[in-house]
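The values are calculated or read from the model by the stated rules, or taken from the named source; none is laboratory data. Every value quoted in this text rests on a predicted model; they were computed, and no experiment measured them. Don't worry about glycine lacking a Cβ; one is built from the backbone with ideal geometry, like all the others, and counts go over all protein chains shown.
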Amino acid sequence: MDWGTLVATVSGGSIAITGTVLADYLRHRREDDRGVGARRRAVYIEFISAAGVCHARLRHIAQGPATEPDLESATRAALSDAGIYEARERLFIDATTAVAGAGQVMFERLRGLQRAIAAGASIESAAFHDAYHPYIGSVWVYRVAVREELEGRSLSPDAFGWEGWDGADRCAICREVPASGT
C-alpha cells in the first residue's frame, strides 16, 4: 500500500469536509444576523408606533381636558391601551444599548406629557408645550438612533430646514411673545 495516496486522500477529504462545515456555519450565521436585524426593526417600529398611538390619544384628551371626568385615569389608560409598556419591555430585550437608551428617554418624556395633561394642561397651554416639545425631540433622537443602527446613516434637523428636533422653532404657540405687563 502506498502511504502517500492514503495521506493525500485523507487530507483532501478533511479539507473538503472542513470547507463544507465552514460554509454551512457562515451561511447560518448570515441568516441569523438577518433574523436579528429583522426582529430588531420590528421591535423598534412597534415601540414607536405604540408611542404614536399614545401620543395621539393624549393630544385628543388635551384638546378638551374639562370634558374628561377623570384626567388621571384617562391619561394612564392612554399609555396602557396603546401597549407602550409591552413594547418597551420588548425593546429592552432586543435593542442595542443606544436604541434602548433613546427609547427609555422617549418613554420618560411621554410620561411627562401624560402627567402634564393629567394635571389639566390643555393643548394650547404653556404647561402642555413645556412637556410636548421635549417629547417630540426625544422621538427624533430615537429615530436617529434606530436609523444609525439599522442603516449606518445619520439624520439632522438641517435636512428638513429645522433648527432643532423638538419643533419649538416651528410652533406658533411657543413663538408668541407674551405681553410685557403693560
Evaluation of GLU149 against (1) at pLDDT 95 or above; (2) acidic (Asp, Glu); (3) surrounded by 14 or more Cβ atoms within 10 Å (Cβ to Cβ) (one fails), failing number:
(1)
Search the range 36-57 for residues being among the charged types (D, E, K, R) and touching a residue at least 60 places away in the same chain (Cβ under 8 Å), and hand back the single one that is farthest from ALA95 (Cα to Cα).
ARG41
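Listed here are the residues, each with its yes/no results for (1) assigned to a helix (DSSP H, G or I); (2) modelled with pLDDT of 95 or more; (3) under 20 Å from the mean Cα position of the chain (by Cα).
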| residue | (1), (2), (3) |
| --- | --- |
| ARG41 | yes, no, yes |
| GLU46 | yes, yes, yes |
| ARG57 | yes, yes, yes |
| ALA66 | yes, no, no |
| ALA78 | yes, yes, yes |
For the range 84-127, enumerate the residues that are of a type in the set (Ser, Thr, Tyr) and farther than 16 Å from ARG57 by Cβ.
THR96, THR97, SER125
Looking at SER138, SER154, can you tell me which residue is of a type outside the set (D, E, K, R) and either assigned to a helix (DSSP H, G or I) or touching a residue at least 60 places away in the same chain (Cβ under 8 Å) (or both)?
SER138
Exactly one of these conditions fails for GLU89: (1) among the acidic types (Asp, Glu); (2) at pLDDT 95 or above; (3) closer than 27 Å to PHE128 by Cβ. Give me its number.
(3)
Determine, yes or no, whether ILE93 is closer than 30 Å to VAL36 by Cα, β-branched (Val, Ile, Thr) and either surrounded by 18 or more Cβ atoms within 10 Å (Cβ to Cβ) or touching a Gly at 6+ places or on another chain (Cβ under 9 Å) (or both).
no
Could you tell me which numbered condition GLY83 fails, if it satisfies all but one of (1) on the phi > 0 side of the Ramachandran plot; (2) modelled with pLDDT under 95?
(2)
